[in-house]
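Asks: Following this message is one structure expressed as structure tokens.
Throughout, read-outs are computed from the coordinates displayed, never taken from laboratory work. Every value quoted in this text rests on a predicted model; they were computed, and no experiment measured them. Because the Cβ atoms are built from the backbone with ideal geometry, glycine has one as well, and the counts that use them run over all protein chains shown.
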Amino acid sequence: MREGQIRIPSGCAISGIIDKTGKRMSGEAIIKSISVMHDRSNGLGGGFAAYGIYPEYKDFYALHIFYENTGAKKSCEEFLERHFDIINLSKIPTRKVKGITDEPLIWRYFVTPFATKLADSQLDEREYMAKCVFRVNTRIQGAYVFSCGKNMGVFKAVGFPEDVGRFYRLEEYEGYCFTAHGRYPTNTPGWWGGAHPFALLDYSVVHNGEISSYDANRRAIEMYGYKCTLLTDTEVITYIIDYLHRKIGLKMEEIASVIAAPFWQTISRMEPEKQKYHEYLRNAFSAQLITGPFSIIVGFDGGIMALNDRLKLRSMVVGEKGDKVYIASEEAAIRIVEPDLDRVWAPSGGEPVIVLLNGGVNSGS
Amino acid sequence: MAVNYIYPEYEVVRNYDRCIVCRVCERQCANGVHEYLPDLNKMTCDDSKCVNCHRCVALCPTRALKIVKSDNTYKENANWSNKTINEIYRQAESGGVLLSSMGNPENYPIYFDKILLNASQVTNPSIDPLREPMETKVFLGAKPKAIKRDAEGKLVDNLTPHLTLSMPVMFSAMSYGSISYNAHESLARAAKELGIFYNTGEGGLHEDFYKYGDHTIVQVASGRFGVHPDYLSSGAAIEIKMGQGAKPGIGGHLPGTKIVGDISKTRMIPEGTDAISPAPHHDIYSIEDLRQLVYSLKEATDYKKPVIVKIAAVHNVAAIASGIARSGADIIAIDGFRGGTGAAPTRIRDNVGIPIELALASVDKRLRDEGIRDNVSLVVGGSIRSSADVVKAVALGADCVYIGTAALIALGCHLCRSCHSGKCNWGIATQVPSLVKRLNPEIGYKRLVNLMNAWKHEIMEMMGGMGINSIEALKGNRLMLRGVGLNEKELEILGIKHAGE
């Protein structure tokens with residue numbers, strides 16, 4: 001049994017750290033942070049997204065791929081060679097960790113689309129990239145691209161998140177932003193690809209919750225060319241964000257107003273212009289409204305967005321210290337890495353906290 | 001065979017111990033069932049005239065009356081039922097087409113009754129509508145394919161005309177003529193009070209009701225009765241009626257006896273003439289013709305009104321809907337084979353069309369597969385009987401439902417299925433002034449408002465149980481549904497899993 005064959009609800013822990021100035025830090029802190037919430041996971045999945053970790057290859061897409069066997073690797077590499085100029089390839093460095101077993105082959109490729117192929121496809125570069133990734137993940141048995149952004153990467157596995165971090169030697173990477181996820185699925189899939197974060201291009205999502213709108217969201221987003229193969233909330237939320245941000249062109253705060261829209265009764269108390277804004281978004285993008293409990297951290301190129309569902313049915317705390325912003329399911333996971341915070345608060349339901357590089361913290365609080 | 005007697009299907013049973021000979025039953029029955037026998041100072045009745053509308057039963061002050069199914073029977077035969085035999089006797093006598101009213105009453109599967117809803121347990125919380133907001137507001141119309149921003153980067157409202165409803169239910173098309181002035185007034189006032197819409201049907205719009213225009217859908221059907229520029233502009237939306245679930249493939253016929261006074265004026269035809277709507281629109285023989293009518297109506301109303309195209313659920317409904325979704329229409333209404341009517345040939349009503357649940361599921365899927373679901377909203381009717389049906393229809397993929405029969409029942413209809421006789425004792429499907437005034441619109445509209453408010457509460461309870469606090473998150477959310485006792489093919493078409501899966 002693996003993701004995609006059945007739908008598995010899960011509880012979770014999430015954590016995120018970003019330095020607003022873009023200053024890079026090691027992965028040590030995020031491992032420490034997520035390890036505090038050990039009891040919020042059950043050893044069936046953990047992972048990290050790290051931004052700014054490949055400055056020497058920042059103009060190339062970094063593909064992280066799981067292979068179940070060498071046959072899958074061969075077919076996938078043939079596909080990659082047909083579509084991309086491969087600048088560099090290597091195994092992703094790992095170390096043996098007790099508690100992380102049955103690892104697949106884990107490879108990393110830095111690639112750029114062949115100019116002629118790209119021109120023939122009549123797609124923009126990112127759409128070309130996304131299409132190729134969908135192709136590998138749906139067509140090549142045993143190969144799974146789990147990270148495909150520029151200057152960022154996802155590292156995930158079946159196991160407790162702190163073990164996953166050590167396994168991938170995350171402390172040896174330096175990035176300006178990290179997010180982490182510990183998973184508590186109510187079933188036992190045990191497939192590495194099913195761990196979180198889920199990522200598409202430079203968008204990554206870590207999510208704690210079980211959304212009640214899942215099938216409405218899934219069926220709506222599949223109409224726009226996405227294929228939900230994992231049947232997980234995180235997957236569909238990532239696609240919604242990719243669709244609204246990359247394809248439609250909404251800004252992150254507008255996306256928050258779509259997926260965690262304010263209630264009509266709240267809107268009715270707003271000034272007329274705000275009312276029109278929200279009525280427009282709720283009408284035009286009604287199928288992208290997400291209901292049911294969730295707390296998510298969305299990583300993207302140049303920033304991060306934390307968001308709770310409209311009723312705040314999952315815990316999420318934000319802390320600030322100097323240039324750093326911390327987000328976690330529990331305050332303890334922030335205090336362990338930064339006990340002396342300038343400010344700490346719990347954002348209300350539906351109120352996004354958006355942190356941009358060299359920008360401020362945009363939050364209602 | 002000259003004997004042409006058919007024993008009545010239902011018998012009026014009078015408890016003479018209770019009867020006080022007040023003669024209310026006699027006065028109330030437009031069919032002349034009850035009669036006073038002065039010599040005996042006793043009431044008698046002719047069961048053969050009884051349509052089983054329960055007017056006398058409901059009004060008898062001493063509860064002396066009841067209607068029972070007759071136990072008189074021909075020799076039992078699994079193939080030749082009493083009904084079938086009687087219909088042959090009737091047709092052998094008259095040479096005519098059998099007529100019926102209201103929806104198909106035959107024993108076909110009711111898929112809504114084989115679908116069960118989900119509820120939250122442990123992994124996510126149910127939501128209590130008494131304590132938290134629970135939203136049922138819906139918009140009907142096309143969704144924009146892209147956004148626009150002004151010079152400052154602010155989002156510009158680029159939505160096409162749409163309808164805004166407080167809950168996903170509307171009153172379906174019932175013409176002034178097929179139902180009474182008072183019935184229409186009840187529907188119009190209720191729609192206004194509820195923040196929803198009612199539909200004129202193909203009878204035009206009485207000038208007294210123009211004031212409810214913001215809550216009115218004006219219909220354009222094949223007979224084009226009552227259609228003029230003011231009429232089109234007076235409504236909130238325009239519906240092109242291509243078909244009706246009760247009688248797919250055929251037109252309509254309002255007998256001249258009902259074309260009296262204001263009805264003749266509203267329909268813009270002379271008094272006493274039959275109002276015959278052709279089977280097809282004679283300017284629409286194909287999908288490209290439909291597109292022209294859609295745009296003609298949009299031109300006539302300055303592109304300010306959404307256009308609905310209503311079709312009957314027939315075998316090829318998914319492909320037809322796909323064509324309509326590309327025709328410029330903003331909303332598609334699909335009417336299932338259980339949908340009601342004021343009059344239809346019995347054989348058509350009982351044998352043509354398909355269940356709305358299957359039609360809805362396949363249309364919604366097809367439009368999504370083709371990437372055009374956002375071009376249109378889907379409204380389904382025929383027949384939605386309860387709030388549970390509404391929730392199931394929305395979860396299958398509908399944006400909204402139409403109710404007709406349920407609304408009439410709220411007004412007093414007892415489903416005697418004799419609308420075509422024009423002698424509705426409840427003042428609904430009649431134009432006889434003495435009968436019409438039995439329906440008090442003041443009370444009628446309140447009963448409709450009550451019914452809708454009750455359904456709304458129930459919809460909110462069911463949504464809350466599923467952990468959904470806004471109706472848009474229920475739309476097309478088929479994981480919230482499970483089938484019971486359905487075969488693989490039925491589940492596949494409905495796009496749902498079986499209970500236990």
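Asks: With unit charges on the beta carbon (Lys/Arg positive, Asp/Glu negative), name the residue among B:Ile331, B:Tyr74, B:Leu37 whose Cα is farthest towards the positive pole of the charge dipole of chain B.
Replies: B:Leu37
Asks: Can you sort B:Cys25, B:Cys60 by how many other beta carbons sit within 10 Å, fewest first?
Replies: In order of increasing Cβ crowding within 10 Å: B:Cys60, B:Cys25.
Asks: So for the protein assembly as shown: antiparallel DSSP bridges make up what percent, rounded to the nearest 5?
Replies: Beta bridges within the protein assembly as shown, antiparallel portion: roughly 75 percent.
Asks: Return the calculated 222 nm mean residue ellipticity for chain A, to the nearest 500 deg cm²/dmol, obtained by summing -39500 (n - 2.57) across DSSP H runs with n ≥ 4 and dividing by the residue count.
Replies: Values: 11 runs with 99 residues, N = 365.
The helix-only estimate for chain A comes to -7500 deg cm²/dmol at 222 nm.
Asks: How high is the relative contact order of chain B, given as a whole-number percent (alpha carbon pairs under 8 Å, six or more residues apart)? If you can, show how the numbers build up before the last one.
Replies: Numbers: 1057 pairs, mean separation 94.8, N = 501.
After rounding, I find 19 percent.
Asks: Using only the Cα atoms of region B:149-232, what semi-axes does the equivalent ellipsoid have when each is the square root of 5 times a gyration tensor eigenvalue? Give whole Å, largest first.
Replies: 30, 16, 10
Asks: Which whole-angstrom value gives the distance between the alpha carbon centres of region A:231-292 and region A:83-119?
Replies: After rounding, the separation between the Cα centres reads 34 Å.
Asks: Summing Lys, Arg as +1 and Asp, Glu as -1, what charge do residues with Cβ under 12 Å from the Cβ of A:Thr21 carry, A:Thr21 excluded?
Replies: So the surrounding residues net to +2.
Asks: Between beta-carbons, use under 13 Å as the cut-off and find the net charge around A:Arg219, counting Lys and Arg +1, Asp and Glu -1.
Replies: Working: positive: A:Arg218, A:Lys227, B:Lys365, B:Arg366, B:Arg368, B:Arg373, B:Lys475, B:Arg478; negative: A:Asp215, A:Glu222, B:Asp364, B:Asp369, B:Asp374, B:Glu472.
The answer is +2.
Asks: Let me ask something else about it. In what sequence do B:Val432, A:Val133 fall when counting other Cβ within 10 Å, fewest first?
Replies: With the fewest neighbours first, B:Val432, A:Val133 line up as B:Val432, A:Val133.
Asks: Mind putting a number on the dipole of the protein assembly as shown about its Cα centre? Charges go on the C-beta only, +1 for Lys and Arg and -1 for Asp and Glu, and I need it in Debye to the nearest 20.
Replies: Working: 100 positive and 98 negative charges, 193 e Å.
Rounded to the nearest 20 debye, it is 920 debye.
Asks: Using each residue's phi in region B:15-24, evaluate 6.51 cos²θ - 1.76 cosθ + 1.60 at θ = phi - 60° and report the 3J(HN,Hα) Karplus result to the nearest Hz, with x for Gly and Pro.
Replies: So the J values, rounded to whole Hz, are 8, 5, 5, 9, 5, 9, 6, 7, 6, 4.
Asks: Also: How large are Rg and Dmax for the protein assembly as shown when only the alpha carbon atoms are used, in Å?
Replies: Cα-based Rg and Dmax for the protein assembly as shown come out at 32.1, 112 Å.
Asks: When DSSP beta bridges are limited to those with both residues in region B:138-473, what percentage is antiparallel, rounded to the nearest 5?
Replies: 25 percent
Asks: Considering only C-alpha atoms, what is the centroid distance from region B:121-141 to region A:215-230, in Å?
Replies: With region B:121-141 and region A:215-230 each reduced to a Cα centre, they are spaced 22 Å.
Asks: Pop out the ³J(HN,Hα) list for region B:57-69 in order, Karplus 6.51 cos²θ - 1.76 cosθ + 1.60 with θ = phi - 60°, rounded to Hz; leave Gly and Pro as x.
Replies: Result, rounded to whole Hz: 4, 5, 9, 4, x, 10, 6, 8, 10, 8, 10, 10, 6.
Asks: Which residue, chosen from B:Val97, A:Cys228, A:Ala306, occupies the Cα position most advanced towards the positive end of the dipole of the protein assembly as shown, where the dipole is computed from +1 (Lys, Arg) and -1 (Asp, Glu) charges on Cβ about the Cα centre?
Replies: Toward the positive end, the furthest listed residue is B:Val97.
Asks: Would you pull out the residues with amide H under 5 Å of B:Glu239's amide H, same chain only if 5 or more places away, H placed 1.01 Å from N?
Replies: B:Val218, B:Gln219, B:Val220, B:Ile308
Asks: Let me ask something else about it. Suppose every Lys and Arg Cβ carries +1 and every Asp and Glu Cβ carries -1, with no other charges. What dipole size does region B:240-396 come out with about its Cα centre, to the nearest 20 debye?
Replies: Its charge dipole is roughly 300 debye.
Asks: Could you please tell me the mean projected area of the C-alpha convex hull for chain B, averaged over all directions and given in square nanometres to one decimal?
Replies: Projected over every direction and averaged, the Cα hull of chain B covers 29.0 nm².
Asks: Moving to a separate point now. Determine the sum of side-chain charges near B:Pro61: Lys and Arg each +1, Asp and Glu each -1, restricted to other residues whose C-beta is under 12 angstrom from that of B:Pro61. All intermediate terms of the calculation are to be shown ahead of the outcome.
Replies: Numbers: positive: B:Arg18, B:Arg23, B:Arg63; negative: none.
In short, +3.
Asks: Another one. As an exercise, identify the trypsin sites (Lys or Arg not before Pro) in region B:306-374 lying in DSSP coil whose Cβ has no more than 12 other Cβ atoms within 10 Å. Intermediate results must be reported in sequence, preceding the final value.
Replies: On the way: sites: B:Lys310, B:Arg326, B:Arg338, B:Arg347, B:Arg349, B:Lys365, B:Arg366, B:Arg368, B:Arg373; in loops: B:Arg326, B:Arg338.
For trypsin sites (Lys or Arg not before Pro) across region B:306-374 that sit outside H, G, I, E and B with at most 12 neighbouring Cβ atoms in 10 Å, the list is empty.
Asks: Continuing with this model, one more query. What is the magnitude of the charge dipole of region B:138-473 about its Cα centre, with +1 placed on the Cβ of each Lys and Arg, -1 on the Cβ of each Asp and Glu, and no other charges, expressed in debye to the nearest 20?
Replies: That gives region B:138-473 a dipole magnitude of about 540 debye.
Asks: Read phi for every residue in region A:227-241 and hand back ³J(HN,Hα) as whole Hz from Karplus 6.51 cos²θ - 1.76 cosθ + 1.60, θ = phi - 60°, with x for Gly and Pro.
Replies: 3J(HN,Hα) across region A:227-241, in whole Hz: 10, 7, 9, 8, 6, 9, 4, 4, 4, 5, 5, 4, 5, 4, 5.
Asks: Something else: Which far-off residues, 5 or more places away or on another chain, put their amide H under 5 Å from the one on A:Gly350, with H placed in the peptide plane?
Replies: A:Asn308, A:Asp309, A:Arg310, A:Lys312
Asks: Measure nothing but the geometry: give the 0 to 90° angle between the long axis through the Cα atoms of B:387-396 and the longest principal axis through the Cα atoms of chain B, rounded to 10°.
Replies: Approximately 40 degrees, to the nearest 10.
Asks: Which whole-number percent is the relative contact order of chain A (Cα, under 8 Å, 6+ apart)?
Replies: Working: 868 pairs, mean separation 92.0, N = 365.
Averaging sequence separation for qualifying contacts and normalising by length gives 25 percent for chain A.
Asks: Considering only B:Met167, B:Ile115, B:Ser186, whose Cα is most displaced toward the positive end of the charge dipole of region B:65-224, charges sitting on Cβ of Lys, Arg (+1) and Asp, Glu (-1)?
Replies: B:Ile115
Asks: Would you order A:Trp345, B:Trp426, A:Trp107 from fewest to most other beta-carbon atoms within 10 Å of each residue's own beta-carbon?
Replies: Details: A:Trp345 14, B:Trp426 22, A:Trp107 18.
With the fewest neighbours first, A:Trp345, B:Trp426, A:Trp107 line up as A:Trp345, A:Trp107, B:Trp426.
Asks: If amide hydrogens are placed 1.01 Å from N in the peptide plane, which non-local residues have theirs closer than 5 Å to the one on B:Ser120?
Replies: B:Met466, B:Gly467
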